[in-house]
Amino acid sequence: MSKSILITGCSTGIGYYCAQTLQTAGFRVVASVRNPQHLERFRVAGIPCVILDLADESSIKNGFDEAVALCDGQLDALFNNGAYGQPGAVEDLPTDALRAQFETNLFGWHTLTRLAVAHMRQHGGDSRIIQNSSVLGLVALPYRGAYNASKFALEGLTDTLRMELNGSNIQVSLIEPGPILSEFRSNARIAFEQHIEIGNSAHQAEYEAQLTRLNAQSAPQKFTLGPEAVYEKLLHALTAKRAKPRYYVTFPTYLMGYLKRLLSSAWLDKVLLKNR
């Protein structure tokens with residue numbers, strides 16, 4: 001019997017690619033999206049899809065229950081992927097915007113993960129939980145404080161979960177991508193314009209430069225890879241007898257992981273400020 005998996009954040013990018021490719025590879029995939037308008041593309045592709053809004057606890061519970069039913073009562077794996085980035089300097093960031101970032105990027109994942117752990121313990125088979133983190137869960141970059149904080153928190157929570165589940169039937173992994181082709185920039189621009197006041201900020205010049213980058217339709221930044229790079233790590237985390245605790249994706253993640261171990265905080269700050 002093929003393994004079943006629930007994937008969040010499947011409207012575009014990494015989630016959409018992984019749902020399609022895992023289905024082709026023989027997995028029993030249930031995709032999830034927040035916007036009902038995106039259901040049709042999965043119906044056409046023959047991939048079961050549920051509505052699951054990570055900022056709405058009742059939606060999470062209903063979506064999870066529906067996903068389990070679509071898998072005939074046994075869900076083997078969860079790939080937490082749905083997230084967004086809230087740009088802005090920490091001093092300009094409204095607390096409500098920070099709450100919203102954590103609601104989607106951390107608290108919603110936690111609610112869903114708790115449901116998955118309880119279910120996986122009950123059915124007892126080989127089970128996997130994979131969290132799609134970021135290079136910004138390893139190092140922080142300026143003007144990304146909300147996103148940095150959500151991913152740093154995710155890393156700590158996931159490391160703890162992995163240790164607490166040691167010896168159980170559930171393996172836990174983190175995937176840490178750098179730049180990946182997606183609609184992340186366009187979603188970040190929307191969040192930026194919704195919450196950040198540019199005119200009275202000491203960071204106005206930097207914000208204007210950021211908006212230029214976010215609106216750019218040119219080639220992606222250096223070292224950007226396609227979602228297939230994340231899929232390769234996801235597949236290993238799902239199928240290896242012993243999944244790795246962490247999977248780096250893209251050169252910037254490998255580099256920053258190395259530099260964080262090598263450099264002092266002051267020197268690492270200099271590198272990050274120069275290359276942000």
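List of remarks:
- Total residues in the stretch 1-48, condition surrounded by fewer than 19 Cβ atoms within 10 Å (Cβ to Cβ) and charged (D, E, K, R): 3
- Hey, residue 182 of a type in the set (Gly, Ala, Ser), outside any helix (DSSP H, G or I) and either surrounded by 18 or more Cβ atoms within 10 Å (Cβ to Cβ) or without any contact (Cβ under 8 Å) to a residue 12 or more places away in the chain (or both) or not: yes
- Any hit, the stretch 162-176, residues being within 18 Å of the chain's Cα centre (by Cα), at pLDDT 95 or above and assigned to a helix (DSSP H, G or I): yes
- Of residues in the stretch 224-243 being touching a Ser or Thr at 6+ places or on another chain (Cβ under 8 Å) and among the small types (Gly, Ala, Ser), the one farthest from residue 77 (Cα to Cα): 229
- Filtering the stretch 239-253 to residues that are part of a helix (DSSP H, G or I) and within 14 Å of residue 222 (Cβ to Cβ) leaves 251, 252, 253.
- Restricting attention to the stretch 150-159, the residues that are buried (at least 22 other Cβ atoms within 10 Å of the Cβ) and either within 20 Å of residue 192 (Cα to Cα) or among the charged types (D, E, K, R) (or both) add up to 2.
- Test: residue in the stretch 208-222 that is among the β-branched types (Val, Ile, Thr), loosely packed, with under 12 Cβ neighbours inside 10 Å and over 21 Å from residue 21 (Cα atoms): yes
- For the stretch 217-250, the set of residues classified as modelled with pLDDT of 95 or more and hydrophobic (A, V, I, L, M, F, W, C) consists of 229, 230, 234, 235, 237, 238, 240, 243, 249, listed by residue number.
- Residue match in the stretch 254-265 (condition: in contact with a Lys or Arg (Cβ under 6 Å, 6 or more places away or on another chain), over 23 Å from residue 25 (Cα atoms) and not acidic (Asp, Glu)): no
- Contact annotation: residue pairs with Cβ atoms under 6 Å, 6 or more positions apart or on different chains, pairing a residue in the stretch 102-116 that is in a helix (DSSP H, G or I) with a partner that is charged (D, E, K, R), are 111/57.
- Odd one out for residue 87, checked against (1) at pLDDT 95 or above; (2) under 25 Å from residue 134 (Cβ atoms); (3) touching a helix residue (DSSP H, G or I) at 6+ places or on another chain (Cβ under 8 Å): (1)
- Test for residue 147: is it buried (at least 23 other Cβ atoms within 10 Å of the Cβ), closer than 26 Å to residue 211 by Cα and not small (Gly, Ala, Ser): yes
- Scanning the stretch 37-89 for residues that are small (Gly, Ala, Ser), within 30 Å of residue 141 (Cα to Cα) and touching a Leu at 6+ places or on another chain (Cβ under 7 Å) yields a total of 1.
The values are calculated or read from the model by the stated rules, or taken from the named source; none is laboratory data. Source: prediction; values computed, not measured. As a convention, Cβ positions derive from the backbone with ideal geometry for all residues, glycine included, and neighbour counts pool all protein chains shown.
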